[in-house]
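The values are calculated or read from the model by the stated rules, or taken from the named source; none is laboratory data. It should be emphasised that the depicted structure is a prediction, and the values quoted were computed from it without experimental measurement. Using ideal geometry, Cβ is built from the backbone for each residue, glycine included, and neighbour counts are taken over all protein chains shown.
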Amino acid sequence: MSDSSEAPHAGPALKASHPTPAVLPAARRRRGVRAGLYNVKGLINIIRGDIIHNTFGAFHVLRLWHVQKLTSGLVGRQHAWATGLDPATGQPVWPQNVVFRTTPTPGAGYEPDETILTKVGGFLADMVKKSTPVPEIPHGPERRMPHVVNYLHGSVHFNGMWLLFNDFEEAKHFFADARFRREFVRLVRQERREVTLVFRERKYDPVEYAYFSGFIMANFPWFANVNGPGKKVMWGNPAPYAAMNIINGSWVRDVDALRRGRPSFLRPPLAAGQYFTASYGQPVPGSHFVERLVAFVENEWVRRRGFNAGLFFIDRKQIDPRIYEKYQADKSVLNAKQTEVPSPFSPPEA
């Protein structure tokens with residue numbers, strides 16, 4: 001990801017934030033039978049989401065790339081998916097689709113939430129712009145992704161829902177609460193939209209990010225990708241802020257509607273006050289084996305893929321020829337950009 005070159009102007013005020021819970025003591029790490037049950041349940045969720053569900057997602061990408069081919073120009077450069085502007089108001093849609101956000105840490109110097117959303121949403125809108133020209137931009141350095149991938153990011157940023165947190169630890173305080181997780185599942189099932197978690201803190205530990213992704217995947221049957229401005233980890237790619245896409249597959253319906261010319265692919269903003277109306281927060285345990293396992297395995301898979309690394313659907317040599325020349329001369333150049341996640345059999349931090 002990179003910063004948007006045509007970021008929309010500031011929009012309506014964001015919904016009220018939820019206060020960050022008082023400092024909670026770290027929960028005792030589950031041990032014995034409880035730890036075993038958590039790891040088994042987490043592994044089942046990871047198999048359901050990271051393997052089975054993700055395989056279906058890959059199938060739909062390939063279907064819309066090679067079989068029912070999406071072409072450039074299905075939306076114009078001024079379309080809502082390419083600008084992020086709500087057609088009804090002319091204002092950025094992203095603040096209207098924030099379903100939960102915490103209070104920014106006082107004195108942390110974070111940018112305003114509206115600015116953060118504009119940078120992340122604006123980048124995704126710029127991806128859609130790559131698939132607006134007719135004739136198309138050839139696949140290469142100027143258009144890195146196939147049209148289906150660019151279009152699906154329209155579903156993610158415009159139709160999708162946003163949750164904002166200060167950092168991974170704070171987010172885990174909320175997601176550790178079973179009531180919060182149930183509300184999150186209700187949100188996804190009822191709205192049938194994609195979800196992105198955005199974190200205000202730009203300086204973070206990539207390994208902590210990977211373990212948080214493992215925590216999310218152990219608790220939900222969906223894949224959680226880890227994009228951000230820090231050193232690459234797992235399948236993540238650069239982004240203006242740490243932005244975790246929890247991919248539930250709603251994009252497929254939206255992009256298929258776009259392909260068929262149905263107006264339903266453009267979803268209206270969410271009504272305020274429907275979700276996360278209670279107070280939430282639980283003590284946070286350290287990372288568990290299954291969380292560290294999926295983080296390690298996925299990261300090693302990416303590290304061993306060579307030059308393609310975290311780019312799954314494309315041949316990176318076609319889009320980064322100059323970097324490939326450097327890679328051929330010195331393969332350590334690429335390895336230095338990918339985080340090493342410790343083995344899950346290493347003793348966890350206290």
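In table form, for the structure just shown:
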{"read-out": "Selection count, the stretch 274-307, where residues are in a helix (DSSP H, G or I) and touching a strand residue (DSSP E or B) at 6+ places or on another chain (Cβ under 8 Å)", "value": "3"}
{"read-out": "In the stretch 66-111, the residues that are part of a helix (DSSP H, G or I) and within 24 Å of the chain's Cα centre (by Cα)", "value": "Ala80, Trp81, Ala82, Thr83, Trp94, Pro95, Gln96, Asn97"}
{"read-out": "The stretch 46-59 residues that are within 13 Å of Met217 (Cα to Cα), paired with ones that are part of a helix (DSSP H, G or I) (beta carbon under 6 Å, 6 or more apart)", "value": "Ile46/Met217; Ile46/Val294; Gly49/Met217; Asp50/Met217"}
{"read-out": "Some residue of the stretch 236-250 being in a helix (DSSP H, G or I) and surrounded by 23 or more Cβ atoms within 10 Å (Cβ to Cβ)", "value": "no"}
{"read-out": "Hey, Tyr324 of a type in the set (Ser, Thr, Tyr) and out of contact with any Asp or Glu (no Cβ under 9 Å at 6 or more places or on another chain) or not", "value": "yes"}
{"read-out": "Answer residue from the stretch 20-51, given it is modelled with pLDDT under 95 and of a type in the set (Val, Ile, Thr) and is surrounded by the fewest Cβ atoms within 10 Å (Cβ to Cβ) among those", "value": "Val23"}
{"read-out": "Residue in the stretch 283-303 that is more than 24 Å from Ala178 (Cα to Cα) and of a type in the set (Gly, Ala, Ser) present", "value": "no"}
{"read-out": "Hits in the stretch 308-322 - residues which are surrounded by fewer than 16 Cβ atoms within 10 Å (Cβ to Cβ) and part of a helix (DSSP H, G or I)", "value": "Asn308, Lys317, Gln318, Pro321, Arg322"}
{"read-out": "The lone exception for Leu62 - which of (1) surrounded by 17 or more Cβ atoms within 10 Å (Cβ to Cβ); (2) within 29 Å of Gly214 (Cβ to Cβ) it fails", "value": "(1)"}
{"read-out": "Pairs, first farther than 20 Å from Asn159 by Cα in the stretch 119-146, second among the hydroxyl-bearing types (Ser, Thr, Tyr) and surrounded by fewer than 19 Cβ atoms within 10 Å (Cβ to Cβ), C-beta under 9 Å, six or more apart", "value": "Pro133/Ser72; Val134/Thr71; Val134/Ser72; Pro135/Ser72; Glu136/Thr71; Glu136/Ser72; Ile137/Ser72; Arg143/Ser72"}
